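The values are calculated or read from the model by the stated rules, or taken from the named source; none is laboratory data. Just so we're clear, the structure is a prediction, and the values are computed from it rather than from any experiment. Please note: Cβ atoms are built from the backbone with ideal geometry, for glycine as well, and neighbour counts cover all protein chains shown. Side chains included, ligands, DNA and RNA excluded: accessible areas come from the protein's heavy atoms. Shrake-Rupley method; radii C 1.70, N 1.55, O 1.52, S 1.80 Å.
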Amino acid sequence: MAKTKTTYTEVDVKDFLDSYVDNEHKRTDSLQLIELMKEWSDSEPKMWGPSIIGFGNYHYKYASGHEGDAPVIGFSPRKAAFSLYVYSDTEKSKLLLPDLGKFKMSKACIYIKKLSDINIPILKELCMESIQYISEHHECSCRAK
């Protein structure tokens, strides 16, 4: 079975930003996203894999037997666009997307160029919906207090 690449690392989030993000606007947006996601998730930012800043964590196990740990929500300040890992495929999330703003999307990842392109209160709702979904469908250690 393949080894999961996205695992928690001991890399410091600030050190990652200092070495990875060379655009001042992207750095400012990254710091704002960190503060927002920290507040919404009630979790400290941690590095997952080489470039994902995640908040909270949960353990998943698929029917195939593949299992691992993942952040509940997170983002990566990639060069082309931010990758936001905040989406759960729920009816509420589907209804929120049209009001999010300017973005592209893959199966479960939202891509934005900059924070000013999106509606932050809608992003919060998407994050909260994802946090709730994960807490209801997985044994999420970040929700157990």
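Some notes on this structure:
- Only listed residue being open to solvent by 30 Å² or more (accessible area, probe 1.4 Å), farther than 12 Å from residue 110 by Cβ, in contact with a helix residue (DSSP H, G or I) (Cβ under 7 Å, 6 or more places away or on another chain) and not hydroxyl-bearing (Ser, Thr, Tyr), chosen from 92, 61, 79: 92
- When residues of region 44-56 are limited to those that are hydrophobic (A, V, I, L, M, F, W, C) and open to solvent by 10 Å² or more (accessible area, probe 1.4 Å), the one nearest to the chain's Cα centre (by Cα): 52
- Scope region 69-118; condition under 17 Å from residue 25 (Cβ atoms), under 15 Å from the mean Cα position of the chain (by Cα) and among the β-branched types (Val, Ile, Thr); matching residues: 112
- Residues of region 113-137 satisfying the condition of being among the basic types (Lys, Arg) and not in a helix (DSSP H, G or I): 113, 114
- Test: residue in region 90-99 that is over 18 Å from residue 40 (Cα atoms) and hydroxyl-bearing (Ser, Thr, Tyr): yes
- Residues that are open to solvent by 50 Å² or more (accessible area, probe 1.4 Å), at pLDDT 95 or above and under 15 Å from residue 76 (Cα atoms), drawn from region 106-132: 111, 113, 114
- Any hit, region 27-43, residues being in contact with a Lys or Arg (Cβ under 6 Å, 6 or more places away or on another chain) and surrounded by fewer than 16 Cβ atoms within 10 Å (Cβ to Cβ): no
- Number of the condition not met by residue 100 [criteria: (1) of a type in the set (A, V, I, L, M); (2) in contact (Cβ under 8 Å) with a residue 12 or more places away in the chain; (3) open to solvent by 70 Å² or more (accessible area, probe 1.4 Å)]: (3)
- Matching residues, region 54-100, being more than 21 Å from residue 116 (Cα to Cα) and hydroxyl-bearing (Ser, Thr, Tyr): 58, 60, 62, 64, 88, 90
- Taken as a whole, the structure leaves residue 68 outside the set of residues that are open to solvent by less than 30 Å² (accessible area, probe 1.4 Å) and in contact with a Pro (Cβ under 8 Å, 6 or more places away or on another chain).
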